[in-house]
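The values are calculated or read from the model by the stated rules, or taken from the named source; none is laboratory data. All figures in this text were calculated on a predicted structure; none of them were measured in a lab. All Cβ positions, even for glycine, are placed from backbone atoms using ideal geometry, and neighbour counts span all protein chains on display.
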């Protein structure tokens, strides 16, 4: 028992779209009818619908098309939120029971031996036109102990509507964000991540894409 990992992994941002869809499908099958987690099955139908929509969007995005890629990207945060919610509820239902978690097909990982505080928000950020039309170059100051630099962007929407943030990860403190709609306004924010905790982002900045 001591050799087993002790926590459910909620590190999902590094998973590709196909891997995240496959993981979501696997967890749903593990939760379905699982006697350890009757409480998780209350939203099973809702999550199965989300799984079907996301899996279809991921498959269609391979064929190309900006609209279906936007749909896929907008569904991903919902999938990640669903998995994290179920992970939290599974932990509460069977605390410190990795065998039960593994039986429901959750990804397991070893807990961090020493917690690390979140990195601070970048003190310097810069946005400029990218090399190609429909792209933006985003730069932030480098920080020590960084596992990845995070760049989030969201198409500006009418007042009252919620922004749909998308992201890209980069090992460097500068990233070329491509595939944006030329002539449209986007919000951008940046941050650095050290592998634990939440990312602290810079204040959002609005920019018209070339």
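The helices (runs of 4 or more DSSP H) found entirely in region 38-121 include none that carry 2 or more residues being under 17 Å from residue 10 (Cα atoms) and in the same structural domain as residue 154 (by TED's automatic domain parsing). The set of residues from region 10-37 being outside any loop (DSSP other than H, G, I, E, B) and surrounded by fewer than 15 Cβ atoms within 10 Å (Cβ to Cβ) comprises 18, 19, 22, 26, 29.
Going through (1) more than 23 Å from residue 16 (Cα to Cα); (2) outside any strand (DSSP E or B) one by one, residue 180 falls short only on (1).
Can residue 178 be described as closer than 18 Å to residue 68 by Cα, without any contact (Cβ under 8 Å) to a residue 60 or more places away in the chain and out of contact with any strand residue (DSSP E or B) (no Cβ under 7 Å at 6 or more places or on another chain)? The answer is yes for residue 178. Would you check if there is a residue in region 181-193 being touching a strand residue (DSSP E or B) at 6+ places or on another chain (Cβ under 7 Å), surrounded by 11 or more Cβ atoms within 10 Å (Cβ to Cβ) and more than 23 Å from residue 70 (Cα to Cα)? Looking through region 181-193, at least one residue is touching a strand residue (DSSP E or B) at 6+ places or on another chain (Cβ under 7 Å), surrounded by 11 or more Cβ atoms within 10 Å (Cβ to Cβ) and more than 23 Å from residue 70 (Cα to Cα).
Take residue 55 and tell me if it is in contact with a helix residue (DSSP H, G or I) (Cβ under 8 Å, 6 or more places away or on another chain), surrounded by fewer than 16 Cβ atoms within 10 Å (Cβ to Cβ), under 30 Å from residue 163 (Cβ atoms) and touching a residue at least 12 places away in the same chain (Cβ under 8 Å). It is false that residue 55 is in contact with a helix residue (DSSP H, G or I) (Cβ under 8 Å, 6 or more places away or on another chain), surrounded by fewer than 16 Cβ atoms within 10 Å (Cβ to Cβ), under 30 Å from residue 163 (Cβ atoms) and touching a residue at least 12 places away in the same chain (Cβ under 8 Å).
Table: residues versus (1) at pLDDT 90 or above; (2) out of contact with any helix residue (DSSP H, G or I) (no Cβ under 7 Å at 6 or more places or on another chain); (3) assigned to a loop (DSSP other than H, G, I, E, B); (4) within 11 Å of residue 188 (Cβ to Cβ).
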position	(1), (2), (3), (4)
132	yes, yes, yes, no
157	yes, yes, yes, no
161	no, yes, yes, no
169	no, yes, no, no
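Taken over region 183-210, residues that are under 20 Å from residue 72 (Cα atoms) and in a loop (DSSP other than H, G, I, E, B) amount to 1.
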